[in-house]
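Asker: Pasting in a structure now, in structure tokens, and then I'll have a few things to ask.
The values are calculated or read from the model by the stated rules, or taken from the named source; none is laboratory data. Not measured: the values here are computed from a predicted model. Note that each Cβ is placed from the backbone with ideal geometry, even for glycine, and that neighbours are counted across all protein chains shown.
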Amino acid sequence: MRKRLLVLALLAGVASLGVARVAGAEAIDAQKFDQVEKGHYLTVAGDCAACHTAPGSSHDFAGGRVIETPFGKIIAPNITPDRVTGIGAWTDDEFVNAMVKGTGRNGAHLFPAMPYTYYTKVTRDDALAIRAFLNTIPAVHNTVEPDQLPFPLSIRAGMIGWNTLFFTPGAFKPNPDKSAEWNRGAYLAEGLAHCGMCHTSKNFLGGDKTSARYEGYDLQGWFAPNITSDKRIGIGNWSVDELADYLKTGHTQAAAASGLMGDEVDLSTSHLRDEDLKAIATYLKDQSAPSPNQAQSLPSDQPIMKAGAQIYADECAACHKSDGKGEPGLFPALRGAAVVQQADPASLLHVVIRGAQSVSTKPAPTGAAMPAFSWVLTDDQIAAVVTYIRNAWGNAASAVVASEAGKARASLAERND
Amino acid sequence: MTRKLPRKDVVIIGLGWTGSILANELTDESLDVVAIERGPWRNTATDFPVSYMQDELRYRIQHELFLQPSQSAVTFRNNTNQTALPVRNWGAFMLGNGVGGAGVHWNAETWRFLPSDFVLKSHVTERYGANFLPADMTIQDWGVTYDDLEPHYDAFEYLCGTSGTAGNLSGKIQDGGNPFEGARSRPYPTPAMKQGYGHTLFGEAAKQLGYKAFPQPSGNLSKGYTNPLGVTLGQCTFCGFCEWFGCANYAKASPQTTILPVLMRKSNFEVRTESEVTRINLDNTGKRATGVTYVDSSGEEFEQPADLVILCGFQLWNVQLLLLSGIGTPYNPQTGEGQIGRNFTHQTMSTALGFFDKDKYNFNPFVSAGSMGVCIDEFNGDNFDHGPLGFVGGGYIGQVQTNGRPIQTTAVPPGTPAWGPKWKQALKDNYLSTINSGGACHGSFQAYRDVYLDLDPTYKDRFGRPLLRLTIDLHDNELKMSAYLTDRWSEILQKMGAKQIVKQPRKGPYDVTQYQTSHLCGGAIMGDNPGNSALNRYLQSWDVPNLFVQGASAFPQNAGYNPTGTVAALAFWSAAAIRSQYLKNPGPLVHA
């Protein structure tokens, strides 16, 4: 999720107009270590560094990461306490408003590449704690011009209309019918952790498609998979503990996080407390699935399945095994794996074409990697083996054709990440 | 112009097995550790991926994973009457390069030495008398015992997930294992590998002859395994591309598959690749190392100061770097004085090919693994009476055929033309029905006064430094032993049903072009006093106490086993001494 961000841009933060301070807010006190610690934790939970720290940079939160959106590029700004190029001169209210209302320092609207549509759920105390933490990091003088969008998308006033359509401001409201654990999970998943930012598809204007909540989304060469409780393509077959463990370690016995989710685990979820991860898992497991998806496996005697089976035996079975069960904790299982049966095969194509490095975490350090096969397999062969994997061992998903493989190959070749 | 870098607590020279072990142990002490590695970074999925690793031409013939002689070579001669010449293509041994070192391309045969191997000189003298040994044989005791090393052998086996069947659990002999092995404190972490047909047949024939056959201890894993560091290895797929190759399946124990994933996460560890250490620097007393000087791939020279220097290169380069840095006294074969370069040894390999009836036997040799094998240990070390035989030493004997690769493993019966239709037909007739166990007799190599290493007076490397000169030949003791072991192996082949046996005992002179093993040993050996060794029992230099020298260069002589298990056990043993003793009170751990 490093570059998860979607539609438009972020913090503008140019003008120096002061905004009246809201009375009654809990003040930030640099001596309040508890608050700073809490803020540190929440900053990790919000995965702020994913965008606000440039890849490979030793200057945390000094900005500079380019965020791809369907509408153009946005550069994540400097949020260190530098008074000129960072947010050191911002008042606490300005900071809180940026997070929960999507407004910048001068009142200009942020683009929702900044996930304020999720962060709006964050309580004021938590937002202030994040500010308290950010006050303690080294100020870095680094001028970032966030807005790289073409006219007329660069007109921030346009966000007023967008917000009317797609933004429901307001702090999280607990559901009294659910457990405290479920509510904690909901607060995190719908707020700071902003799971839907990747796992919910967007409409043509970049707003969350509320009718397809958590049904997956195609971004940056991957398909962030369905995380509803659908048993075939969602997380219906995962236990709460498995899901929590996956967020903690990046791995289960059958699955491994790589790509954007690997980054998410690395930078954010692996650092969260076990009880918070369990809460998120409890909440996500309780999200209903759309009407059951009755996909049928392609018959194994189809030519594409026969060809795919041969390629699988030659190239894949050494690690993923003939029965598709993989090697527990090392090579992901493909049999019954939701990630290979998604309606959109982008992630499977990505991994076959480019290879993938699974995330290394303290409890699961191995970080095994899949090699690239683009150089050895033609588009037809990739289509065949991917189709086979999607339909072998009881899996069921649409066939993939060579032109899809070719398109994925071409677009991945252009990526520099 | 040399750039001086900020001081580190520890500098490690070479990031292979021993460098990785020492780095991991010393970073656990919160020390700031840098490793400087001559070769490149190496990763499974990018350097030997499953999509092209099984390329015999690329890796076996063209040596892709090895050091290139143009980068660093050695010179060779059989004796002091000859003029040594540079070795321009590796033959008798392969020299690893890059992160993981030889741990990337080994077969992963993971043995322990016998308890008597560590006290060889005193053991043999006691049993057979002082006059039993040839006058020019310079074997000696190690200064460390099997019991000292047992916990560290155990640590390495559990790091690797070694697959095997215990033969001696805390003194109790176990069925199916090696009854001659030293007592082990617990079983192997994973069960022994499955064996091929030829290997199984060997075990049955050996039993019929009264021997106790057992599966070879293997670092190609019989099942998935997660080691104590939390790193997971996969199950071996018997592809038969192990030695000379990296494992594409994460199924062969190597630094990459056991330690590096954890080590590389540590903020107090750093590796600088493609950087060659050119000397260990000493202060003006000559008794303290101040760090190292190295050159990176752009040719820029750096000085890396450090409090503790750990030399973890391959055996030959360890000895060369000590000589180039003026540490210790170079060995003089005329006087027998000096320790650096002394007691250089290798391995005495031999075999016999077994041709079987193709209509009755199909061994499917391509279903294989580097350390798959069934062995006997009746003729190793001093497990048998050498009195009437007139030699010392021995080796394990086994059907340890590692591969059926199409370029290398193409034995045909004697008399077959070397090319053309008749050769092709003979290959076709014999490929599936031949036992071609290159390492069938894995013989020891004793130390001799006239087998040693020094700096070549003529040839220089790309930095203008003298090349290392190898002076090595086979002595009667090894030739006799090899003939004896080859006969025993041939008897077993006979019992297995071979219709034709072609014995290939080791013959002199030592041939630097014919592959033996990469088990070069000695040259900076360990011992109990500075008069007989370069290092004390903790692998600490007698001359420069803040320098430790790891690896097989410390072996006083080589036993009849593959050395890596012992190399690694010594590394853990040395690391434990540094952690528990040296860091508290830096200085000599043994007072001469």
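Asker: Given the residues B:108, B:45, B:35, which is the only one that is buried (at least 24 other Cβ atoms within 10 Å of the Cβ) and under 20 Å from residue B:251 (Cα atoms)? Even if it seems obvious, please write down each step before you answer.
Answerer: Numbers: B:45 fails: buried (at least 24 other Cβ atoms within 10 Å of the Cβ); B:35 fails: under 20 Å from residue B:251 (Cα atoms).
Testing whether each residue is buried (at least 24 other Cβ atoms within 10 Å of the Cβ) and under 20 Å from residue B:251 (Cα atoms) leaves just B:108.
Asker: Counting only residues that are within 10 Å of another protein chain (Cβ to nearest Cβ), more than 21 Å from the chain's Cα centre (by Cα) and touching a residue at least 12 places away in the same chain (Cβ under 8 Å), how many does region B:259-282 have?
Answerer: 3
Asker: Taking the conditions exactly as written (within 21 Å of residue A:331 (Cα to Cα), more than 23 Å from the chain's Cα centre (by Cα) and either in a helix (DSSP H, G or I) or in contact (Cβ under 8 Å) with a residue 12 or more places away in the chain (or both)), does residue A:385 satisfy them or not? Don't jump to the end; show me each part of the working.
Answerer: Numbers: within 21 Å of residue A:331 (Cα to Cα): yes; more than 23 Å from the chain's Cα centre (by Cα): yes; either in a helix (DSSP H, G or I) or in contact (Cβ under 8 Å) with a residue 12 or more places away in the chain (or both): yes.
When the stated conditions are applied, residue A:385 passes them.
Asker: Looking at region B:186-218, which of its residues are closer than 16 Å to residue B:160 by Cβ and surrounded by fewer than 24 Cβ atoms within 10 Å (Cβ to Cβ)?
Answerer: Looking only at region B:186-218, we keep the residues that are closer than 16 Å to residue B:160 by Cβ, and these are B:186-193, B:215-218.
Of everything in region B:186-218, those that are closer than 16 Å to residue B:160 by Cβ and surrounded by fewer than 24 Cβ atoms within 10 Å (Cβ to Cβ) turn out to be B:186, B:187, B:188, B:189, B:190, B:191, B:192.
Asker: Does region A:408-415 contain at least one residue that is among the charged types (D, E, K, R), in a loop (DSSP other than H, G, I, E, B) and more than 10 Å from chain B (Cβ to nearest Cβ)? Step through it out loud before you land on a result.
Answerer: Residues of region A:408-415 among the charged types (D, E, K, R): A:409, A:414-415.
If we keep only those that are in a loop (DSSP other than H, G, I, E, B) as well, we get A:415.
Subset that is more than 10 Å from chain B (Cβ to nearest Cβ): A:415.
Yes, region A:408-415 has at least one match.
Asker: Quick check: anything in region A:97-105 free of Cβ contacts under 8 Å to residues at least 24 places away in the same chain and either buried (at least 19 other Cβ atoms within 10 Å of the Cβ) or of a type in the set (S, T, N, Q) (or both)? Please lay out each step first, then the result.
Answerer: Keep residues of region A:97-105 that are free of Cβ contacts under 8 Å to residues at least 24 places away in the same chain, which gives A:103.
Next, from what is left, pick out any that are either buried (at least 19 other Cβ atoms within 10 Å of the Cβ) or of a type in the set (S, T, N, Q) (or both): A:103.
Yes: region A:97-105 contains one or more residues that are free of Cβ contacts under 8 Å to residues at least 24 places away in the same chain and either buried (at least 19 other Cβ atoms within 10 Å of the Cβ) or of a type in the set (S, T, N, Q) (or both).
Asker: Taking the residues in region B:48-57 that are within 14 Å of another protein chain (Cβ to nearest Cβ) and surrounded by fewer than 18 Cβ atoms within 10 Å (Cβ to Cβ) as candidates, determine which candidate is modelled with the highest pLDDT. Talk me through it step by step, then tell me what you get.
Answerer: Here is the first cut: in region B:48-57, the residues within 14 Å of another protein chain (Cβ to nearest Cβ) are B:48-55.
In the following step, the residues that additionally are surrounded by fewer than 18 Cβ atoms within 10 Å (Cβ to Cβ) were identified as B:52, B:54-55.
Working: B:52: 91, B:54: 92, B:55: 95.
By that ranking, first place goes to B:55.
Asker: Taking the condition of being within 7 Å of chain A (Cβ to nearest Cβ), over 17 Å from residue B:65 (Cβ atoms) and in contact with a strand residue (DSSP E or B) (Cβ under 8 Å, 6 or more places away or on another chain), how many residues in region B:231-258 meet it?
Answerer: 3
Asker: Residues that are within 14 Å of chain B (Cβ to nearest Cβ), surrounded by fewer than 18 Cβ atoms within 10 Å (Cβ to Cβ) and not basic (Lys, Arg): does region A:333-342 have at least one?
Answerer: Going through region A:333-342, the residues within 14 Å of chain B (Cβ to nearest Cβ) turn out to be A:333.
Subsequent filtering for residues that are surrounded by fewer than 18 Cβ atoms within 10 Å (Cβ to Cβ) retains none.
No, there is no match, as no residue in region A:333-342 is within 14 Å of chain B (Cβ to nearest Cβ), surrounded by fewer than 18 Cβ atoms within 10 Å (Cβ to Cβ) and not basic (Lys, Arg).
Asker: Still on this structure: Do you know which residues across region A:207-226 are under 14 Å from the mean Cα position of the chain (by Cα), modelled with pLDDT under 90 and in a loop (DSSP other than H, G, I, E, B)?
Answerer: A:220
Asker: Within region A:375-387, can one find any residue that is touching a strand residue (DSSP E or B) at 6+ places or on another chain (Cβ under 8 Å), surrounded by fewer than 19 Cβ atoms within 10 Å (Cβ to Cβ) and over 20 Å from residue A:233 (Cα atoms)? Quick ask: steps written out before the conclusion?
Answerer: We begin by selecting, within region A:375-387, every residue touching a strand residue (DSSP E or B) at 6+ places or on another chain (Cβ under 8 Å); these are none.
Checked region A:375-387: no residue is touching a strand residue (DSSP E or B) at 6+ places or on another chain (Cβ under 8 Å), surrounded by fewer than 19 Cβ atoms within 10 Å (Cβ to Cβ) and over 20 Å from residue A:233 (Cα atoms).
Asker: If you check every pair at least six apart or on different chains, which have Cβ atoms under 6 Å apart with a residue in region A:74-86 that is farther than 8 Å from residue A:142 by Cα first and a residue that is of a type in the set (D, E, K, R) second?
Answerer: A:76/A:65
Asker: A further question on this structure: Looking at (1) part of a helix (DSSP H, G or I); (2) crowded, with 16+ Cβ neighbours inside 10 Å, can you tell me which one residue B:537 breaks?
Answerer: Status for residue B:537: all satisfied but (1).
Asker: Report those strands (runs of 3 or more DSSP E) wholly inside region B:326-416 carrying at least 1 residues which are more than 29 Å from residue B:529 (Cα to Cα).
Answerer: So the answer is B:348-355, B:374-376, B:395-399.
Asker: Also: Please verify whether region A:146-163 includes one or more residues that are at pLDDT 90 or above and either surrounded by 14 or more Cβ atoms within 10 Å (Cβ to Cβ) or under 30 Å from residue A:289 (Cα atoms) (or both).
Answerer: Within region A:146-163, the subset at pLDDT 90 or above is none.
No, region A:146-163 contains no residue that is at pLDDT 90 or above and either surrounded by 14 or more Cβ atoms within 10 Å (Cβ to Cβ) or under 30 Å from residue A:289 (Cα atoms) (or both).
Asker: Among the helices (runs of 4 or more DSSP H) confined wholly to region A:257-331, which include 3 or more residues that are more than 14 Å from every other protein chain (Cβ to nearest Cβ), touching a helix residue (DSSP H, G or I) at 6+ places or on another chain (Cβ under 7 Å) and under 22 Å from residue A:396 (Cα atoms)?
Answerer: Details: elements: A:259-267, A:274-285, A:303-311, A:317-320.
Passing ranges, in order: A:303-311.
Asker: Restrict the check to region A:300-322 and report whether at least one residue is farther than 23 Å from residue A:405 by Cβ, crowded, with 21+ Cβ neighbours inside 10 Å and not acidic (Asp, Glu).
Answerer: Taking every residue of region A:300-322 in turn, none turns out to be farther than 23 Å from residue A:405 by Cβ, crowded, with 21+ Cβ neighbours inside 10 Å and not acidic (Asp, Glu).
Asker: Can you tell me which condition residue B:522 does not meet? The list is (1) buried (at least 16 other Cβ atoms within 10 Å of the Cβ); (2) assigned to a loop (DSSP other than H, G, I, E, B), and all the others hold.
Answerer: Only one criterion in (1) buried (at least 16 other Cβ atoms within 10 Å of the Cβ); (2) assigned to a loop (DSSP other than H, G, I, E, B) is unmet by residue B:522, namely (2).
Here's the yes/no breakdown for (1) more than 30 Å from residue B:318 (Cβ to Cβ); (2) surrounded by 22 or more Cβ atoms within 10 Å (Cβ to Cβ):
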site: B:427; (1), (2): yes, no
site: B:433; (1), (2): yes, no
site: B:460; (1), (2): no, no
site: B:482; (1), (2): no, yes
site: B:487; (1), (2): yes, no
site: B:492; (1), (2): yes, yes
site: B:495; (1), (2): yes, no
site: B:511; (1), (2): no, no
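Asker: Next question, about the same structure. From the residues in region A:350-387 that are in contact with a Lys or Arg (Cβ under 8 Å, 6 or more places away or on another chain) and of a type in the set (A, V, I, L, M, F, W, C), which one is nearest to the other protein chains (Cβ to nearest Cβ)? Steps first, please.
Answerer: Here is the first cut: in region A:350-387, the ones in contact with a Lys or Arg (Cβ under 8 Å, 6 or more places away or on another chain) are A:353, A:360-363, A:365, A:372, A:374, A:379, A:382.
Of the ones still in play, those that are also of a type in the set (A, V, I, L, M, F, W, C) are A:353, A:372, A:382.
Details: A:353: 12, A:372: 7, A:382: 13 Å.
Ranking the candidates gives A:372 first.
Asker: In addition: Out of the residues in region B:16-47 that are at pLDDT 95 or above and of a type in the set (Asp, Glu), state the one that is farthest from residue A:375 (Cα to Cα).
Answerer: Step by step, filter region B:16-47, then rank; the result is B:29.
Asker: Another question about this same structure. Pairs, please: C-beta under 8 Å, at least 6 apart or cross-chain, first residue within 14 Å of chain A (Cβ to nearest Cβ) and in region B:27-46, second in a helix (DSSP H, G or I) and of a type in the set (Ser, Thr, Tyr)?
Answerer: As it stands, the answer is B:44/B:257, since those pairs meet every condition given.
Results for (1) closer than 18 Å to residue A:192 by Cα; (2) modelled with pLDDT under 95; (3) in contact with a helix residue (DSSP H, G or I) (Cβ under 6 Å, 6 or more places away or on another chain), shown as yes or no for each residue.
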| site | (1), (2), (3) |
| --- | --- |
| A:57 | no, yes, no |
| A:72 | no, yes, no |
| A:76 | yes, yes, yes |
| A:80 | no, no, no |
| A:101 | yes, yes, no |
| A:105 | no, yes, yes |
| A:112 | yes, yes, no |
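Asker: Taking the conditions exactly as written (modelled with pLDDT of 95 or more, assigned to a strand (DSSP E or B) and surrounded by 20 or more Cβ atoms within 10 Å (Cβ to Cβ)), does residue B:560 satisfy them or not? Please lay out each step first, then the result.
Answerer: Numbers: modelled with pLDDT of 95 or more: yes; assigned to a strand (DSSP E or B): no; surrounded by 20 or more Cβ atoms within 10 Å (Cβ to Cβ): yes.
No, not satisfied.
Asker: Quick check: anything in region B:346-369 closer than 30 Å to residue B:541 by Cβ, aromatic (Phe, Trp, Tyr), surrounded by 15 or more Cβ atoms within 10 Å (Cβ to Cβ) and at pLDDT 95 or above?
Answerer: Scanning region B:346-369 turns up no residue that is closer than 30 Å to residue B:541 by Cβ, aromatic (Phe, Trp, Tyr), surrounded by 15 or more Cβ atoms within 10 Å (Cβ to Cβ) and at pLDDT 95 or above.
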